[in-house]
Structures are given as C-alpha cells and as structure tokens.
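Encoded as structure tokens, the structure appears first; notes follow it.
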Amino acid sequence: MLKDSLKWSNLSFSLNTAPVFLKNLNISGNFSPYDIDENGFVYDSLLWKAGQLGRLTSFRAQSSISLNRNQFVKWIFGLDKGKDQDFGWSMNINYTYTYSKPTFDVTTNQSLGLSGKVDLSDNLSFRYNLPINMETYDFAQNGYLNFTRALHCWEMTTNWFPFRDDVWFTFTIRPKAGLLQDLKYDRKRRGSSIN
C-alpha cells in the first residue's frame, strides 16, 4: 500500500506533574497505529483491529529534584535553619531516559545531570554543571566548574571545562555595574593557546 493510504496519525501522549519529592516529572511518547512488514515498512494494517493500542515508537521520561542546605538540615536534623548561614549550597539532579523504535531496532539513552552552587563565603562561590551519559559513564563536554569572587565593585570569574577534548579555561574581571560591563579583562586558554 502507498503511504498516502495511511490516514491515521500517530497517537501522542504526555504527562507533566510534580510529585511531592520531585521538582517535576515529564513523560511523553508516540504510538503508531499501523503495523510494519518484515522489511520495516509501515503498511495499511491497523493494530487496533487486532486488539492492540499501537506500536510504541518513542518514549521519553525526564525528572528532576532540587535540594538545598536548609531543606537538608530540616529533613535530617529537624531544624528550621542551620547554625552557620554563610555556607549555603543548592543542588539540582536531572535524569532523562529516551527510547526510540521506529521499526525493529531499539535505541535507548540515559543521562544524569548534576548542577548546583556552593557559597564558600560571603564573597566566594563555586558552581558546577556535570552532565553524565549513563550508557558510557562519561561526562559531557559542556560540563564545567566555575569560581566567582566578589571584589567590592568588581567581580572575578574563572571557568574550567575539563571534559573537552582541548582543555579550556576562562578568566574574567569585570565591574558589577551594568553600565560598565564592557570594561573587562578577559583571558581564555584553549588547548595550548592563550587569547
């Protein structure tokens, strides 16, 4: 049969919710109402007539949870606030699972992302973004570590991208005032070159 004779579209579904312990939970996917032949081509045979909902061709589940110092202290110790408020931290954990089966071959992928911030003092903070491929257990190349230091009216920032093929550093000193953002000292190191 020709493709034009297939008049039904794929059946899509999605669910977005925020359970108590998760920041969000998103689930989506597609069912094809048609069967495929031995060569993997879709033909005009509705699976509904055989009592099946359809053929799952794609599925995606994504979830995240956010934690911070005050939540952690409250859960573990039953206290509203910790004694030392200077050392604050927050963490986001993201998980994504994808499934694809347009014909016979199945492709799956899982990724885990860790990101957050740690206030080492009133003027010094550390940020991180660590995406992890759960199939290979490798960090993604866009992962980074960041240190930011407040210098009264100025701000100093250092970024390190340790998972790139060519190690990449950036160092910037700039004023905090928005009108003076173009007045900055900026250096980048990528591989063996410094710009």
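The values are calculated or read from the model by the stated rules, or taken from the named source; none is laboratory data. This structure is a prediction, so every number in the text was calculated from the model and none was measured. When we count neighbours, we look across all protein chains shown, and the Cβ atoms used for this are built from the backbone with ideal geometry, even at glycine.
Only residues that are of a type in the set (Lys, Arg) and either out of contact with any Gly (no Cβ under 8 Å at 6 or more places or on another chain) or at pLDDT below 85 (or both): list them for segment 45-68, please. Lay out the reasoning, then the answer.
Taking segment 45-68 as the starting set, the residues that turn out to be of a type in the set (Lys, Arg) are 49, 55, 60.
Hits for segment 45-68 are LYS49, ARG55.
Return the residues of segment 42-55 that are closer than 30 Å to GLN110 by Cβ and loosely packed, with under 14 Cβ neighbours inside 10 Å; say none if nothing qualifies. Even if it seems obvious, please write down each step before you answer.
Step one: list which residues in segment 42-55 are closer than 30 Å to GLN110 by Cβ, which gives 42, 47, 52-55.
Listed by number, the residues that qualify are GLN52, LEU53.
How many residues does segment 134-155 contain that are among the aliphatic types (A, V, I, L, M), surrounded by 14 or more Cβ atoms within 10 Å (Cβ to Cβ) and over 20 Å from PHE87 (Cβ atoms)? Step through it out loud before you land on a result.
Narrowing segment 134-155 to residues among the aliphatic types (A, V, I, L, M): 134, 140, 145, 150-151.
Remaining after also requiring surrounded by 14 or more Cβ atoms within 10 Å (Cβ to Cβ): 134, 140, 145, 150.
Add one more test, that the residue is over 20 Å from PHE87 (Cβ atoms), and what stays is 134, 140.
Here the count works out to 2.
As an exercise: evaluate LEU112 against (1) over 30 Å from TYR137 (Cα atoms); (2) assigned to a strand (DSSP E or B) and give the number of the one condition it does not meet.
Condition (1) is where LEU112 drops out.
List the strands (runs of 3 or more DSSP E) that sit entirely inside segment 26-85 and contain at least 1 residues that are polar (S, T, N, Q) and without any contact (Cβ under 8 Å) to a residue 60 or more places away in the chain.
Values: elements: 34-36, 42-46, 55-68.
Once the strands (runs of 3 or more DSSP E) in segment 26-85 are filtered for at least 1 residues that are polar (S, T, N, Q) and without any contact (Cβ under 8 Å) to a residue 60 or more places away in the chain, what remains is 42-46, 55-68.
Being in contact (Cβ under 8 Å) with a residue 24 or more places away in the chain and either within 30 Å of VAL20 (Cβ to Cβ) or not assigned by TED's automatic domain parsing to the domain that holds PHE41 (or both): is that true of LEU112 here? Break it down into steps so the answer makes sense when it comes.
Numbers: in contact (Cβ under 8 Å) with a residue 24 or more places away in the chain: no; either within 30 Å of VAL20 (Cβ to Cβ) or not assigned by TED's automatic domain parsing to the domain that holds PHE41 (or both): yes.
No; evaluated as a whole, the condition is false for this residue.
Considering only residues that are among the polar types (S, T, N, Q) and assigned to a strand (DSSP E or B), which ones fall in segment 5-25? Before you say what the answer is, go through the steps one by one.
Quick first cut of segment 5-25, residues among the polar types (S, T, N, Q) only: 5, 9-10, 12, 14, 16-17, 24.
Hits for segment 5-25 are SER12, SER14, ASN16, THR17, ASN24.
Could you please let me know if ASN159 is within 22 Å of LYS23 (Cβ to Cβ) and surrounded by 14 or more Cβ atoms within 10 Å (Cβ to Cβ)?
On the way: within 22 Å of LYS23 (Cβ to Cβ): no; surrounded by 14 or more Cβ atoms within 10 Å (Cβ to Cβ): yes.
So ASN159 does not fit the description; no.
Among the residues of segment 124-133, are any exposed (fewer than 14 other Cβ atoms within 10 Å of the Cβ) and not hydroxyl-bearing (Ser, Thr, Tyr)? Before you say what the answer is, go through the steps one by one.
Taking segment 124-133 first, the residues exposed (fewer than 14 other Cβ atoms within 10 Å of the Cβ) are 124, 133.
Still in the running and not hydroxyl-bearing (Ser, Thr, Tyr): 124, 133.
Yes: segment 124-133 contains one or more residues that are exposed (fewer than 14 other Cβ atoms within 10 Å of the Cβ) and not hydroxyl-bearing (Ser, Thr, Tyr).
Which of the residues belonging to segment 77-103 are within 20 Å of LEU114 (Cβ to Cβ) and modelled with pLDDT under 80?
As a first pass, look at segment 77-103 and keep what is within 20 Å of LEU114 (Cβ to Cβ): 87-98.
Residue satisfying the conditions is PHE87 alone.
Considering (1) under 23 Å from SER111 (Cα atoms); (2) in contact (Cβ under 8 Å) with a residue 24 or more places away in the chain; (3) in contact with a Ser or Thr (Cβ under 6 Å, 6 or more places away or on another chain), say which one ASN10 fails and leave the rest.
(1)
Here is a list: ASN39, ASN24. Which entry is of a type outside the set (Phe, Trp, Tyr) and modelled with pLDDT of 85 or more?
Numbers: ASN39 fails: modelled with pLDDT of 85 or more.
Only one candidate qualifies: ASN24.
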